[in-house]
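The values are calculated or read from the model by the stated rules, or taken from the named source; none is laboratory data. As the structure is a prediction and not an experimental result, all values here were calculated from the model. Using ideal geometry, Cβ is built from the backbone for each residue, glycine included, and neighbour counts are taken over all protein chains shown. Accessible surface is based on the protein model in full, side chains and every heavy atom, while ligands, DNA and RNA are left aside. Shrake-Rupley method; radii C 1.70, N 1.55, O 1.52, S 1.80 Å.
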Amino acid sequence: MPERPVRVCAVITEPTVIKARAAIQRAATMADLIELRLDYLRDFDFNAPARLSSLLDGKPLPIIVTCRAVDEGGQQLIDEAVRLGLFAEALQRGADFCDIEAAHYDEAAAARLDAERLIVSYHNFTETPGDLTTIYDRLTRLPAAIHKITVQANKISDSLEVFRLLDRAAAERRPLIALAMQEAGLLTRILGPSRGSFLTFGSMAHGHESAPGQLTCDELRHLYRINRLSRDTQIVGIIGNPVTHSASPLMHNRAFRQLALDYVYLPFEVDDVDVGEFFRRFVHPATREMDWRLRGFSVTIPHKTAVIPFLDEMDETAQRSGAVNTVVVEGNRLIGYNTDVHGAIEPLAAITELQGARCAVIGAGGSARAVVFGLLERGARVSLFTRSPAKASALANEFRIAVDQIEAIIESQADIIINTTPVGMMNHSEGESIIPPAAWRNRKIAYDLIYNPLETRFLADARQHGGLTLGGIEMLVAQAALQFELWTGCKPPVELLRAAALEKVAPAR
Ligand code: NAP
């Protein structure tokens, strides 16, 4: 058994022996263990297994040698007897473990391979089967040092089955690697080792994953600080769909590290139809099946109103604005907050007096609601401009404000124009503005909620006409800062949150 604590296993998926050898050396600083995937190698002579020495000699870390069968995700067809020969040779030439699929484990394998150095594995690339415990029972009857179960998570609750297996294996003192693939299974990859999984796999870099949903070693180690996680770690995260591109994990995890808080922030991919199930099985202390220290989470599109029926309480801003973007687990109660209102308004209030200010808000979606609510609370005079005023009439009536077509903004008297539509956003309509440059004559402030790019066409046009500009990054930071305080009770390191947001949004800066 390796002497170093086993946590992160770097998977080598290089196509050539030279590249694989270099990657093995690089892994020394990134991981605790290496999995060498021979089936990815295009220039290796599988009929000359003695050449494995060129890969295994001088290994900086314990190595698992794997040569996946095609029917279990292998990259090329290799004769079964040849595969078996490779495993036997690898163990002789210094591999610490070989991984063989349970479906291919037979008498021949048992005769040639040392069970003390075997990982026997089960993979399911389509689902998390309902009879996972039966599969576990069958698998663990096969002699091996470690057993491995990898399934596909089609929804986040599939992860629960994996955690159950880990609990059982821990109770039986059986070394087990268990994880669920895909984004919905991400929490098994991050929390698995702290809940007994022998290891978790990490890719060497983006694009080098050996399975869907695999994080990089760097993300596991530095973003999620996996070597520090334990069952005592307080868990927060973000529910939404999609969530993988969110800047929040980087922002909050950096802040936790800075303040030396035993917290971790995770992405939870939850579909619209699964919100209720997520609350019941993962969140509410009265019903949840997950035994963890969940402190709360951020709520993003499309769940900001869908979560409301599952809460025990809402703060006044959440109640009056009709949307929740933050949940806090307080004892046995779930409390909903809205930090978007604070996040949207504070940065603007920091540069201008809002009492009596004439504001034009473009768009009538979720963030427009937060902006309108917050502006009215500060005594601003607000008008709404949308592409379909009839559709926006409910919002306009609720807040008793006027609504008009976007084109009418040119005639409006507004000093401050706020864009809450996605027009101008990266990978959407970058370079476009929701209003023509002429609309900027005699205005004071342009505020665009979009934060990617940092300067949208909307802001650039306003700046050229001499207006002050405010980008969406400040809202992102301000709403996160308040969330951080709600979960931890600590003052947030705002500059660090901003730096992390900028690093995520504009990494080249
Ligand atoms: P949402 O609920 O989908 O609302 C989008 C609004 O924009 C709707 O009123 C929609 O009108 C309108 N719209 C969309 N495309 C349009 C177009 N081509 N022309 C005119 N109007 C258009 O989205 P949201 O949650 O409010 O988010 C909106 C944007 O705000 C996001 O794209 C994001 O960039 C930004 N945002 C930033 C932060 C931050 O922290 N900085 C936070 C949240 C959101 P219809 O109803 O007619 O489709």
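Some values worked out for this structure:
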item: Neighbour-limited loop hits for trypsin sites (Lys or Arg not before Pro), the range 1-74 (at most 13 other Cβ within 10 Å; DSSP other than H, G, I, E, B); result: Arg42
item: Shape call, the range 335-417: gyration tensor on alpha carbons, a/c limit 1.5; result: oblate
item: Global form of the range 393-437, assessed from the alpha-carbon gyration tensor, a/c cut-off 1.5; result: oblate
item: Where GluC sites (Glu not before Pro) fall in DSSP loop in the range 147-221, at most 15 other Cβ within 10 Å; result: Glu172
item: Formal net charge of residues neighbouring Ala500 (Cβ-Cβ distance under 11 Å; K, R +1; D, E -1); result: +2
item: Integer Hz, Karplus 6.51/-1.76/1.60 couplings in order for the range 181-188, x for Gly and Pro; result: 7, 6, 4, 5, x, 3, 5, 6
item: Under 22 Å from the Cα of Lys148 - lysines, other chains or at least 8 residues apart; result: none
item: Cross-link reach list, aspartates and glutamates versus Lys19, counting only Cα pairs under 17 Å and skipping chain neighbours closer than eight places; result: Glu35, Asp39, Asp43, Asp45, Asp57, Glu209
item: Solvent-accessible area, 1.4 Å probe, carbon plus sulfur percent, for the chain; result: 48 percent
item: Cα-based convex hull volume of the chain per residue, rounded to whole Å³; result: 156 Å³
item: The range 205-338 shape via C-alpha gyration tensor axes, a/c threshold 1.5; result: prolate
item: Cα-based Kirkwood hydrodynamic radius, the range 77-221, one decimal, Å; result: 15.8 Å
item: Average projected area [Cα convex hull, the range 143-246], square nanometres; result: 7.0 nm²
item: CD proxy at 222 nm, helix term only [per DSSP H run n ≥ 4: -39500 (n - 2.57); per residue of the chain; nearest 500]; result: -8500 deg cm²/dmol
item: Globularity ratio of the range 352-490, using Cα Rg and 2.2 N^0.38 Å; result: 1.03
item: About the Cα centre, charge dipole magnitude for the chain (Lys/Arg +1, Asp/Glu -1 at Cβ), debye; result: 1080 debye
item: Charge sum, other residues only, whose C-beta stays under 12 Å from Arg333's C-beta, Lys/Arg counted +1 and Asp/Glu -1; result: -3
item: 27 Å Cα-Cα threshold exceeded, pairs from Lys304/Lys491; Lys304/Lys444; Lys155/Lys304; result: Lys304/Lys444
item: Accessible surface, per residue, of the chain when the full set of protein chains is kept, probe 1.4 Å, Å²; result: 42 Å²
